[in-house]
Amino acid sequence: MQKIIILITLKFIIFKYYNNIEMTKESDTKPFYWNSTQHLYGCYGAIIVCILALLNISTHGWFKASVYGYFFGLAVYWSLHVIQQLSARPQPQPIIVKDIEPLDQTNIDSASMPSPTAQMKRTSEQQLLQHFSLLHQQVINLIPTEANHKFQNIHALLVIITQKIRRSNNQNTQTEILNIQRIINNYISPLIEHYQELPVIFHDRKMADELSPNELLLKQLNLIHDEVLKITEHVFHDDVEALIQHGEFLQQKLNPPHFFQIKTSSSDLSLK
């Protein structure tokens, strides 16, 4: 009996489905709901679910099957409708700028442009800072922790000095700072090179002057740190004379250019 009712329902739905199609074709105006596409999708769903109930695949009765199928068809219709609306949206087109007029060089104030000398100095400052950092990176895993901290503090002070003199118009101050940075790098570079060549077993060993390589390295880094700290104060006061004096002091103290040379002529190892 239930199968007969389902067949009758299917026949009614199919009849209504074809009737809707014909009425939609004949009418050029917007159809009523019963003649609309979404209603047809509802009929699709009702037909499908009723067929499943007829084949005993669905456990629902014919009425529930037709109702559930109808709303299932409506859900499919609105899902497809939303997807169609999203795909129909116009895609943004890239903006193409044409016919750009060349920059009028005559309207540029030459006084506002940095001079070639200032640009070269800024480049030199960056190179000296990068060189100092690279020197530290070469021995960061060899030297003691305290020495690493001194390297980091010296680099931080040099960065502060560089940022300060970039905003300064005093050419003499900039020149002296570059000279001091070169003195420091020219001393640190061979110091690091000889330290790396020294066997690790000698890093903590007392030499003839009663200082181990680690102690001598830390002593020199403390000297450089203290001087750079004083130089930082003078830079903020634009005291060129004091900068010249500190540069000469570092030039004298950071000598000679050879370090950690082991004398093999004596029974005791020593530093030169």
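Can you tell which of Ile177, Ile140 is crowded, with 18+ Cβ neighbours inside 10 Å and out of contact with any Lys or Arg (no Cβ under 6 Å at 6 or more places or on another chain)?
Ile177
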Residue count for the range 190-210, restricted to those that are in contact (Cβ under 8 Å) with a residue 24 or more places away in the chain and surrounded by fewer than 16 Cβ atoms within 10 Å (Cβ to Cβ): 7
Criterion: within 21 Å of Gln137 (Cβ to Cβ) and either modelled with pLDDT of 90 or more or over 36 Å from the mean Cα position of the chain (by Cα) (or both) - qualifying residue of His237, His246, His203: His203
Number of the exception - Asn148 against (1) over 32 Å from the mean Cα position of the chain (by Cα); (2) crowded, with 16+ Cβ neighbours inside 10 Å; (3) free of Cβ contacts under 8 Å to residues at least 24 places away in the same chain: (1)
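The values are calculated or read from the model by the stated rules, or taken from the named source; none is laboratory data. Keep in mind that this is a model prediction, so the values were computed, not measured. Quick reminder, even Gly has a Cβ in these numbers, built from the backbone with ideal geometry, and neighbours come from all protein chains shown.
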